[in-house]
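One structure is given here, and the rest of the page talks about it.
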């Protein structure tokens, strides 16, 4: 396989139609009254909000922006409002600072010095808010994780990856960018540096150590069973860089699977007792 940049090129028009049909069909199948989207003002959630609005109408899509004091960003909040206005969705802005602080105080020996567990509290708090409104309004939560983040385990387990459907889960970040431009999302949102907003100054590409243009090609090669040394040779990267990405992908598999179960019966739920999705 040749890992030229155009190997990830998609038919954005066809992709839009398929995803819109996918969302619309699942809403119809489940007979819910609408959708809830965690709207951060970033490219992934903005794209999901746009697709959801096109699928069932913006009046049935609730975008919820959930900032907190440490990572409060006026531009991100404005971008979330802009997307809601552009696609005519419902919108709520909820400051979750008091919720996060209450949880911190409730946990014995809590330490804010460890950024990851502290940041994950924020992601899981946001998940709780989204599902509260989904339950109350008889709606589904639409996830905004893309394939790059999911393969790398770059998300909070039982946090921002929690959703009822995930339209972008089979699109790499660079493919989401192409789709977002096709959907006429504002360029400042498309080009903005991605961040999970779990602590001040957090940068996805900074933490992952590579630009998404390169990361996506590595992940595409690994997905197609290419050996790390061949990926390294084609992309002109140190072998240790490719093996680091491969190791991260393999090491995070537990985050993408249901809880590990010891088989004691005839058929085990989520393992060999699985029912098909019939859209």
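Derivation of every value follows stated rules applied to the coordinates shown; laboratory data play no part. Worth saying up front: this structure is predicted, and the values here are computed from it rather than measured. Note that each Cβ is placed from the backbone with ideal geometry, even for glycine, and that neighbours are counted across all protein chains shown.
When the Cα centres of the stretch 145-186 and the stretch 1-37 are compared, how far apart do they sit, in Å?
What the calculation gives is 11 Å, centre to centre.
Using the Cα atoms of the stretch 142-200 to build a convex hull, what is its mean projected area in square nanometres? Mind dumping the intermediate values first?
Numbers: hull surface 18.0 nm².
If I average the Cα hull's projected area over directions, I get 4.5 nm².
Find, to one decimal place in angstroms, the Kirkwood hydrodynamic radius of the chain, where the mean of 1/r is taken over every pair of different Cα atoms and then inverted.
Numbers: mean 1/r = 0.0501 Å⁻¹.
Value: 20.0 Å, from the Cα pair sum.
By count of other Cβ within 10 Å, fewest leading, how are 8, 250 ordered? All intermediate terms of the calculation are to be shown ahead of the outcome.
Details: 8 18, 250 10.
Ordered from fewest to most neighbouring Cβ atoms within 10 Å, 8, 250 come out as 250, 8.
At 20 °C and 1.002 mPa s, what whole-number value in µm²/s does Stokes-Einstein give for the translational diffusion of the stretch 47-177, with Rh from the Kirkwood sum over Cα pairs? List each step's numbers first, then the result.
Values: Rh = 15.8 Å.
Result for D is 135 µm²/s.
Defining a contact as two alpha carbons under 8 Å apart and six or more residues distant in sequence, what relative contact order in percent does the chain show? Kindly include the intermediate steps, with their values, before the conclusion.
Numbers: 386 pairs, mean separation 56.8, N = 279.
It comes to 20 percent, rounded to a whole number.
Test of understanding: what is the full-extension gain from residue 110 to residue 70, defined as 0.36 nm times their sequence separation minus their Cα-Cα distance? Don't jump to the answer; show the numbers that get you there.
On the way: separation 40, 0.36 × 40 = 14.40 nm, distance 1.70 nm.
So the extension gain works out to 12.7 nm.
If each of residue 239 and residue 252 carries a label point 7 Å out from its Cα toward its Cβ, how far apart are those two points in nm?
Computed distance between label sites residue 239 and residue 252 equals 2.5 nm.
Compute and list, largest first, the equivalent-ellipsoid semi-axes of the stretch 204-250 from the alpha carbon gyration tensor, each √(5λ) rounded to a whole angstrom.
Its equivalent ellipsoid spans semi-axes of 15, 11, 10 Å.
Run the numbers for residue 81 and residue 95: contour at 0.36 nm per residue of separation, minus the present Cα-Cα distance, in nm. Can you show the working numbers first?
Working: separation 14, 0.36 × 14 = 5.04 nm, distance 1.44 nm.
Between residue 81 and residue 95, full extension yields an extra 3.6 nm.
What is the diffusion coefficient of the stretch 208-279 in µm²/s, taking the Kirkwood radius over Cα pairs and the Stokes-Einstein relation at 20 °C with a viscosity of 1.002 mPa s?
Values: Rh = 14.8 Å.
Estimated via Stokes-Einstein, D reaches 145 µm²/s.
Could you tell me the extents of the stretch 38-90's C-alpha atoms along the three principal axes, largest first, rounded to whole Å?
35, 17, 14 Å, listed from the longest principal axis down.
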